[in-house]
1. Quick check on region 44-54. Is at least one of its residues under 29 Å from Leu24 (Cβ atoms) and in contact (Cβ under 8 Å) with a residue 60 or more places away in the chain?
2. Need the failing condition index for Arg255 against (1) at pLDDT 95 or above; (2) on the phi < 0 side of the Ramachandran plot; (3) over 20 Å from the mean Cα position of the chain (by Cα), just the number.
3. Of all residues in region 249-265, which are surrounded by 10 or more Cβ atoms within 10 Å (Cβ to Cβ) and within 16 Å of Ala224 (Cα to Cα)?
4. Give the number of residues within region 198-239 that are assigned to a helix (DSSP H, G or I) and either without any contact (Cβ under 8 Å) to a residue 12 or more places away in the chain or not charged (D, E, K, R) (or both).
5. Please enumerate the residues belonging to region 240-251 that are part of a loop (DSSP other than H, G, I, E, B) and charged (D, E, K, R).
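The values are calculated or read from the model by the stated rules, or taken from the named source; none is laboratory data. Predicted, not measured: the structure shown is a model, and the values here were computed from it. Cβ: placed from backbone, ideal geometry, glycine included. Neighbour counts: every protein chain shown.
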Amino acid sequence: MKIALAIAAHPDDIEFGMAGTLLLLKQRGWGIHCFNLSTGNCGSMEMSPARTRAVRRLEAQAAARVLGARWHPPIADDLEILYTVPTVRRVAAVVRAVKPSIVLTHSPQDYMEDHMNTCRLAVTAAFAHGMRNFRTTPPRAPFGHDVTVYHAMPHGLRDGLRRAISPETFVNTAAVHTAKLAALACHKSQQGWLDASQGMNSYLAAMEEMSRELGRLSGKFTHAEGWRRHLHLGFSVTDSDLLAAALGKDHLKNRKYEAELKEGR
């Protein structure tokens, strides 16, 4: 069985921007895994950090059950996802245990450090999947098959300097949108927190808005997720696009992005 592993920062990040693609892969026979690096301990205005950790852990596990994914426990707290060698070893251990062919993770450019540091950690861990001399914590044997890394869209479709980020490809998530929404709704504790901290009105509505905006940008789909593929060098022998191969008609290339790549922009 081919496997896809989503590596994100916080307990609701996968459900917000990656779960539709995971669900489509699962429909096509892939095994899917969810790994949030943070406990989400800061995500409450009312609960203590310890209580917030416990509640968000249960919510994340419930969301994984909705998706039909295997859940992996977090390894850090909010704002403490740092790019350090010990953390790379821990993330690499999960990658080696799962042995994914696809790794989905955050955009290298995003609105907060937890997301961007998670991206860096996921990329390095995937890069080290076959390095026998790189030790993981706990120890895990390397594996040799190719890994393809994809980056999700940043929240708001912009980087930290407000510049627009365009997807390389669109994935049609309309058929699984209801299930994606149900998985995100498992994170009930985040309604009040996001309203107070980010003025998002409703975290479900915010996901819906971004999903529809990506669909609009595709020019074809009602709901979509957007992805950019990491350079294959060091990760795989060939420059293969596994999402395109797996998803077929539900995968659409952004011709404008392709043209900019060819022009070196």
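1. As a first pass, look at region 44-54 and keep what is under 29 Å from Leu24 (Cβ atoms): none.
No, region 44-54 has no match at all.
2. With (1) at pLDDT 95 or above; (2) on the phi < 0 side of the Ramachandran plot; (3) over 20 Å from the mean Cα position of the chain (by Cα) applied to Arg255, the lone miss is (1).
3. Asp250, His251, Leu252, Lys253, Asn254
4. As a first pass, look at region 198-239 and keep what is assigned to a helix (DSSP H, G or I): 198, 203-218.
Then keep just the ones that are either without any contact (Cβ under 8 Å) to a residue 12 or more places away in the chain or not charged (D, E, K, R) (or both); that gives 198, 203-207, 209-212, 214-218.
Residues in region 198-239 being assigned to a helix (DSSP H, G or I) and either without any contact (Cβ under 8 Å) to a residue 12 or more places away in the chain or not charged (D, E, K, R) (or both): 15 in total.
5. Restricting attention to region 240-251, the residues satisfying the condition of being part of a loop (DSSP other than H, G, I, E, B) are 240-241.
Within region 240-251, just Asp241 meets the criteria.
So that you can scan it fast, the table gives a plain yes or no per residue for (1) assigned to a strand (DSSP E or B); (2) free of Cβ contacts under 8 Å to residues at least 60 places away in the same chain; (3) β-branched (Val, Ile, Thr):
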{"residue": "Pro139", "(1), (2), (3)": "no, yes, no"}
{"residue": "Pro142", "(1), (2), (3)": "no, yes, no"}
{"residue": "Asp146", "(1), (2), (3)": "no, no, no"}
{"residue": "His151", "(1), (2), (3)": "yes, no, no"}
{"residue": "Leu161", "(1), (2), (3)": "no, yes, no"}
{"residue": "Pro167", "(1), (2), (3)": "no, no, no"}
{"residue": "Ala179", "(1), (2), (3)": "no, no, no"}
